[in-house]
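For reference, the structure is listed below as C-alpha cells.
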Amino acid sequence: MDDKIILAIDTSCDETSAAVTQGMKILSNIVWSQATQHAKFGGVMPSLAQRMHEERIDWVIERAITKSQVPRNKIGAIAVTAGPGLAIALGVGIRKAKELANEWQIPLLEINHLEGHVLSALVGEVTFPAVGLVVSGGHTELINIEKIGKYKIIAATQDDALGEALDKAARMLGLGYPGGAFLEKLANEGNPKAYPLPLPMAGREDKNSFSYSGLKTAFWRMTDSKQLNKQDTADMAASFQDMAFKHLTRVIATSIKNSPFPLLNLRGGSEGALLVGGGVSANVELRKRLRLLGKELGFRVHFPMNKKLCGDNAGMIGMAAGFKYQRGEYLAGENVEKADRKPRWKIDDVKYGSGNNL
Ligand code: KG4
Ligand code: ZN
C-alpha cells in the first residue's frame with residue numbers, strides 16, 4: 001500500500017510552515033519566517049508570533065497544497081506540531097489542524113517538534129540504534145534513537161541552547177538577529193585562538209550536560225566597553241564559536257564512549273550513525289567538526305539535505321508523522337478533539353508516544 005499523503009503544520013516558534021509529504025518524500029515545504037519582525041526585540045515575542053501565525057496559516061497551507069500538486073481529496077491525514085514550543089503559537093497550528101481534520105474527516109497526528117528535527121537528516125541506509133543531535137535556538141539535545149519512535153535523551157543543556165548562545169554572542173557584537181549565521185560568516189575571517197575563553201565544563205564532560213551560560217558571561221565581559229575594530233570582532237566571533245563547538249563535541253564524545261548501553265549499530269560491519277538537525281546544523285564549521293568526531297569514534301554523520309530542512313519547517317513534521325501513522329498512533333473521529341498543545345513535551349515522554357488513537 002502506498003504511504004499516506006500527509007498535510008503537516010508547524011507553528012511552534014517564529015516560522016509558520018505547512019508541507020505535504022508522503023513517507024519520507026517531501027512534496028512541498030512552505031516556510032514563512034517572522035524572524036525580521038522579532039529582530040527588533042532581539043528574541044521571539046510570543047504574542048506577536050501568535051498573531052502572525054494566525055495571519056499566515058491559511059496562506060502557507062494553501063501554498064503547500066498547490067505546490068505539491070496533490071488534489072485535496074488525496075490528503076489522507078493531518079500532522080501538527082503539538083510541542084515543545086511557545087504555547088500560544090502552538091495553539092494556532094493545532095486549532096487549524098483540528099478544524100481541517102474534522103472538515104475533511106481524516107485522522108490527526110500530534111508530532112513532537114524535536115522528533116521532526118532528528119528525523120530531518122534520516123536517509124535510507126541508517127540502521128538503529130543511532131544517535132540524534134538537535135542543535136537549535138531552543139534545544140541542545142543528544143538523543144538515543146533505539147528505533148524510529150523510541151527515544152531517550154542522553155544529554156541536554158542545563159541553561160542556554162547552542163543556537164541561543166550563538167544568537168546572544170552575535171548580539172553582543174552588534175550583529176543581526178537571529179545571529180548564528182552572521183556569527184559564522186564573521187568567524188570565517190577571524191582567528192579562533194585570538195581571545196582565550198573558558199571551555200565550559202572542562203573535565204566534567206561525563207555529566208551528560210551542555211552549558212553555555214558561563215561562556216556567554218565570559219564573552220560579555222570581554223566585549224563590554226571595548227572599542228572593537230573589524231578584525232577584533234571577527235576574532236571574537238571565531239573564538240566564541242570555537243569554544244562553543246569544542247564543548248559540544250567533547251560532551252558528545254564522552255556521552256557516546258561512556259554510555260552503559262550501545263548507542264550505535266556497529267553489528268555486521270554496519271556503520272553507526274549520528275543524525276543532526278536544528279538551525280545550527282547548517283553551520284559549516286560545526287559540520288566539519290562533527291564529521292571529524294565521527295571518523296575518530298567510527299560513525300557516519302548525517303545532516304539535513306538542505307538549509308530549509310535544518311531550521312523549523314513542516315516537512316520534517318510530515319516525515320515524522322509518516323512513521324507515526326504506520327504505528328497507528330493517530331487521533332481519529334471524535335478523538336481529534338483531544339489534540340492539545342504540550343509546550344514542554346520531551347521527546348522521550350512515552351505518555352504521548354503511543355496508543356493515542358484509542
Ligand atoms: O531550528 P531553528 O530554526 O529554530 C528553533 O527551533 O530554535 O534554529 C534557529 C537557530 C538560531 O539560534 C540561529 O541563530 C541558528 O539556529 N542558526 C545558525 C546558523 N543558521 C541558523 N547557527 C549557526 N550557524 C548557522 N549557519
Ligand atoms: Zn526547531
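The values are calculated or read from the model by the stated rules, or taken from the named source; none is laboratory data. Predicted model, so just to flag it, every value in this text is computed and none were measured. In this analysis, Cβ positions are derived from the backbone assuming ideal geometry, glycine residues included, and neighbour counts consider all displayed protein chains.
Here's the yes/no breakdown for (1) of a type outside the set (S, T, N, Q); (2) in contact (Cβ under 8 Å) with a residue 12 or more places away in the chain; (3) loosely packed, with under 15 Cβ neighbours inside 10 Å:
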position: L7; (1), (2), (3): yes, yes, no
position: T11; (1), (2), (3): no, yes, no
position: T21; (1), (2), (3): no, yes, no
position: S28; (1), (2), (3): no, yes, no
position: W32; (1), (2), (3): yes, yes, no
position: T36; (1), (2), (3): no, no, yes
position: M45; (1), (2), (3): yes, no, no
position: M52; (1), (2), (3): yes, yes, no
position: W59; (1), (2), (3): yes, yes, yes
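Mind checking which pairs have a first residue in region 179-197 that is surrounded by 14 or more Cβ atoms within 10 Å (Cβ to Cβ) and a second that is basic (K, R), Cβ under 7 Å, 6 or more apart or different chains?
Qualifying pairs under 7 Å: G179/R171.
What single numbered condition from (1) more than 15 Å from P196 (Cβ to Cβ); (2) of a type in the set (D, E, K, R); (3) modelled with pLDDT of 95 or more fails to hold for D235?
Of everything listed in (1) more than 15 Å from P196 (Cβ to Cβ); (2) of a type in the set (D, E, K, R); (3) modelled with pLDDT of 95 or more, D235 misses just condition (1).
Does region 128-136 contain at least one residue that is farther than 22 Å from A321 by Cα, within 12 Å of the chain's Cα centre (by Cα) and not in a strand (DSSP E or B)? Lay out the reasoning, then the answer.
Initially, region 128-136 is screened for residues farther than 22 Å from A321 by Cα, giving none.
Within region 128-136 (the criterion being farther than 22 Å from A321 by Cα, within 12 Å of the chain's Cα centre (by Cα) and not in a strand (DSSP E or B)), the answer is no, since none of the residues qualifies.
Among all residue pairs at least 6 apart or on different chains, which show Cβ distances below 7 Å where the first residue, located in region 245-270, is in contact (Cβ under 8 Å) with a residue 12 or more places away in the chain and surrounded by 12 or more Cβ atoms within 10 Å (Cβ to Cβ) and the second is of a type in the set (V, I, T) and not in a helix (DSSP H, G or I)?
Correct list of pairs: S255/I154; I256/V131; S259/I154; L263/V131; L264/V131; N265/T127; S270/T127.
What are the residues in region 111-140 that are within 16 Å of ligand 2 (Cβ to nearest atom) and among the charged types (D, E, K, R), if any?
Listed by number, the list holds a single entry, E115.
Restricting to region 112-130, count the residues that are surrounded by 24 or more Cβ atoms within 10 Å (Cβ to Cβ) and either away from ligand 1 (no atom under 16 Å from the Cβ) or under 14 Å from I252 (Cβ atoms) (or both).
Total meeting the criteria: 1.
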